Amino acid sequence: MTTSGWETVIGLETHVQLRTKSKMFCGCSTAFGAPPNTQVCPVCLGLPGALPVPNGEAIRLAVRAALALGCTVHPKSVFARKNYFYPDLPKGYQISQHEQPLATSGTLSFISPERGAMGAGIIRLHVEEDAGKSIHDRFPKATAVDLNRSGVPLIEIVSAPDLRSPAEARAYLLTLKQLLEYLGISDCDMEKGSLRVDANVSVRRAGATELNTRTEVKNINSFAFVEKALTVERDRQIAVVESGGAVLQQTMLYDSKENTVRPQRTKEESHDYRYFPEPDLPPLALTPEFVAEQQSDLPELPSAKRDRFAAQYALSREHAAVLTASRAVAEYYESVVHAGAEAQAAANWVMTEALADARDHQEQLRVPPPALAQIVALVKGGTLSHQAAKRVFAEVAAKGGDPRTVAEALGLVQVADTTVVAAWVSDVLGAHATEVARYKNGETKLMGFLLGQVMRASKGKADPKLAQRVLEEKLASAR
Amino acid sequence: MSDAKAIADRLTKVRRLNALLTPSKDLRKSLNAQAAAARPTGVLYGMPVAVKDNICTLEFTTSCGSRVLEGYRSPYEATAVAKLKAAGALIAGKTNCDEFAMGSSTEHSAYGRVIHPLDKARVPGGSSGGSAALVGSGALPAALGSETGGSVRQPASFCGVVGIKPTYGRVSRYGLVAFGSSLDQIGVFGRSVHDAARVLSVISGRDPRDSTCEDRDPLRLPTVPESLQGFVIGLPREYFPPELDPAVRRACERAVRLLKEQGAAIREVSLPHTAYAVPTYYVIAPAEASSNLARYDGVRYGPRFNGAADVGSLYRSTRGQGFGSEVRRRILVGTYVLSAGYYDAYYRRAQQMRALIAQDFRNVFDRGVDLLFTPTTPTPAFKAGEKLGDPIAMYLSDIFTVTANLAGLPAMSIPIGRVKGLPIGGQLIGQAFLEDEMIEAAYALERVVPATDEA
């Protein structure tokens, strides 16, 4: 089987948990990992007579996401009930939005690995509440239900079928994740379920324009599986069509252990959700002033920041991309530069030492920006060698403190006093008469050896540039 | 303490009505505790108020007249109940009602029918029949009921008491077990306009727990007006059809004459979409009910029926056996009208018609009419069993009351006479959030109408 001659058409429906303290329609905590059924109240338990009250912060975050995606935010949107029976859905319906969503018609700009810079259409973005969690593997022959998650605020972002490969879908998703993290509206952790994605997939002959029957791929629960799951499903569909069969409209569940997809039992998916406007909530009205305020309050978004970094700090696009991959790193880098560090040197330090250290320490950027700026300056001014500076960085990261004081305490400050350096040089020349003689006979590569001996004599403290200059002068004068 | 005992004794004496679901022993115990805790400074201090069984209370179970919630104890109480208690009132038990407030006769309770206080062969109306019967029997000065399509006014009319349904959004629905959420309001029964109005005043006002409750101060109690000079009262011709019961017509004509004598200007008006109100109601209310009642599945609370092998059969047995026939009928109708392919033909059209019905009222009020006067029901209390086999006939007993729910307007029923000993109610429909004007007119009418005389 071959994929050449085929085109894949993918649209993604992404559910994102909003970073709020309390749930969408009640005051219960959204904290992850609490003992089962401890973060619940009459509202999120769906007890008789309880009523929902919308969480203003969740609405604000949803509006910001919509604006960052260039969507039209509607002055009036309507909550709707999505009705279905499931034990972890305590009201027998989910409060969502249907005919009149919060926002429509946006674009996500991203870099496709195949097609370069492009935009994927965003059809709609709406607000809804999460269901609880059914746990099937905890008790034999029984299902346990944890309703801590019931009522947690979500947005659903529906893309147009604009993606043309599994790799492109992955790039879209990573860019979306980066954007939402920048906005501070979600931690986008697929493993914790705070970002979930379902994919609509179909295939067609290259050059065709019609949309063929699609399937919905679910249960993609890690970024690592997005491309794999979609590739498996694409290949399955191509095989079906090439062997003369037809793709059925159905839901496919991805199994990451086997790297396979299997159809969901049709019984589970034959839902008629009987949507209708939620009578317990008035339409959601947003004033133009509120929306404008959120718009003007948006942070600089990743692509804009990347372009600005490249221009303002004369960085390569690759470096700018690394430094703007997360808002925290970008802000850290700029603080280092604002604290006086030279832009390219600061970039090098952040991309190597700072990011490596963060990776090993829960993504914490442990060296304060002014301290890193000082380290950069100490290297530039000749006070620290690069190697010594790395040691100072590690020490400051682990224990804090002023870099110069730390360097002095560790005895790493370079000696730039010509008299002192000259004394070391004289000692070395005296102790290595043979090598000096060979050098004078034309073996100039021994300069490296002699310089090394000077550094050793100084216990690494001699300013290497000064040491080399003095060494060269003495060897020349002694000739 | 003696107050609590006297209240319990009075309620025990009318046990034969089957109006109260709370056992006498539990009631006595709770009333004693409540009397000890009640605030002596509250405006309703010591006043016993019974509460319909679909309103959540901490003191008593809340079964909604249904098997599916048999023995259910709410861990929280309705805002209206909390406000009553804060005003010093005593919650005098839970009253029998049609299951989940679906019915017009209180024959659809899983706990047996309620007897009319004046004629044991007849129904007290419904769905708040227990509350109406208790107040009608004289055992209590006031009780809470709930309305979705006339469930306070119709039984008030049948039992010869005052019943008020406030504007949608006047009283918090928090803790009122939902039937048709866009129509539901807690209402009050009183022996007199004053008793009903002062209870309404206490339970009204903003509640941050109910997004559909208006951000307004509690209703200010109006005083009894000296005359109705300046009031323009409209008589919608659609509410006086040729087939109207002659005694009801006579009682209404007498009431109109009395309103006029007190200075009100009377004007005939038209609400042209009235004929569509009942069908519109019987699409919207069941649609919302089908969703609101989905939560009664036996998973989290309430009894489970049969040892279900899997979750699907648990749902089927709990809902099949836990709900009565009228509730099942409405869930089926509601599910149908919301289904893909039928939504536009039924639910969407019903919403459009609802807007037209509301517009009818606005048109009349915009032309200088302050209030409308109509009969509350087409007939006095009917006999038990008379309409049980014919749901449509039962539904039509709400024909004059459902419009106020669809339009969200305040409306009330007050006794205006009797026929063969059975009470007849007259209805006042007011403008949104102008309950005070409606209550003023009711005071004026109450003062002069021979409420217990034959019409």
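Read-outs: derived from the displayed coordinates by stated rules, not from any lab. This one's a predicted model, so the numbers in the text were calculated from it and none came from an experiment. Counting neighbours? That spans all protein chains shown, and the Cβs are built from the backbone with ideal geometry, glycine included.
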Restricting the range A:143-173 to residues that are part of a strand (DSSP E or B) and among the hydroxyl-bearing types (S, T, Y), the one farthest from A:L67 (Cα to Cα) turns out to be A:T143
Can you find even one residue in the range A:408-416 that is outside any helix (DSSP H, G or I), surrounded by 14 or more Cβ atoms within 10 Å (Cβ to Cβ) and touching a strand residue (DSSP E or B) at 6+ places or on another chain (Cβ under 8 Å)? yes
For the range B:35-44, check the following and say yes or no: at least one residue is farther than 29 Å from B:V278 by Cα and in contact with an Asp or Glu (Cβ under 9 Å, 6 or more places away or on another chain). yes
Please go through the range B:172-189 and give me each residue that is within 8 Å of chain A (Cβ to nearest Cβ), at negative phi and part of a loop (DSSP other than H, G, I, E, B), ordered by number. B:R173, B:Y174, B:V177, B:A178, B:G180, B:S181, B:S182
Has the range B:69-78 got at least one residue that is within 12 Å of another protein chain (Cβ to nearest Cβ) and in a helix (DSSP H, G or I)? yes
Test A:G92 against the criterion of being out of contact with any His (no Cβ under 9 Å at 6 or more places or on another chain) and within 12 Å of chain B (Cβ to nearest Cβ), and give yes or no. yes
Of (1) part of a loop (DSSP other than H, G, I, E, B); (2) among the aliphatic types (A, V, I, L, M); (3) surrounded by fewer than 23 Cβ atoms within 10 Å (Cβ to Cβ), A:M24 satisfies all except one. Which? (3)
Can you confirm whether A:L323 is touching a residue at least 60 places away in the same chain (Cβ under 8 Å) and either within 31 Å of the chain's Cα centre (by Cα) or within 14 Å of chain B (Cβ to nearest Cβ) (or both)? no
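For every residue, the table says whether it meets (1) surrounded by fewer than 20 Cβ atoms within 10 Å (Cβ to Cβ); (2) among the acidic types (D, E); (3) assigned to a helix (DSSP H, G or I).
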site: A:A311; (1), (2), (3): yes, no, yes
site: A:E318; (1), (2), (3): yes, yes, yes
site: A:N348; (1), (2), (3): yes, no, yes
site: A:D357; (1), (2), (3): yes, yes, yes
site: A:V376; (1), (2), (3): no, no, yes
Output the qualifying pairs, or none if there are none: Cβ atoms under 8 angstrom, residues six or more apart or on different chains, first residue in the range A:233-260 and within 13 Å of A:N212 (Cβ to Cβ), second residue charged (D, E, K, R). A:V247/A:R214; A:Q249/A:R214
Selection count where residues are in contact with a helix residue (DSSP H, G or I) (Cβ under 9 Å, 6 or more places away or on another chain) and crowded, with 19+ Cβ neighbours inside 10 Å, scope the range B:309-325: 5
Single match in B:G150, B:G112, B:G125 (criterion: in contact with an Asp or Glu (Cβ under 8 Å, 6 or more places away or on another chain) and either in contact (Cβ under 8 Å) with a residue 60 or more places away in the chain or not hydroxyl-bearing (S, T, Y) (or both)): B:G150
Just one listed residue, out of B:E238, B:E261, is out of contact with any Pro (no Cβ under 8 Å at 6 or more places or on another chain) and either free of Cβ contacts under 8 Å to residues at least 60 places away in the same chain or acidic (D, E) (or both), and it is B:E261
Give the number of residues within the range B:290-330 that are within 11 Å of chain A (Cβ to nearest Cβ), assigned to a helix (DSSP H, G or I) and within 30 Å of B:R354 (Cβ to Cβ). 7
So which residues in the range B:379-402 are touching a Pro at 6+ places or on another chain (Cβ under 8 Å) and not aromatic (F, W, Y)? B:P380, B:A381, B:L396, B:S397, B:I399
Would you confirm, using the coordinates I've provided, whether A:C44 is more than 9 Å from chain B (Cβ to nearest Cβ) and either buried (at least 24 other Cβ atoms within 10 Å of the Cβ) or without any contact (Cβ under 8 Å) to a residue 40 or more places away in the chain (or both)? yes
If we keep only residues of the range A:276-285 that are within 8 Å of chain B (Cβ to nearest Cβ) and in a loop (DSSP other than H, G, I, E, B), then the residue farthest from B:S181 (Cα to Cα) is A:P282
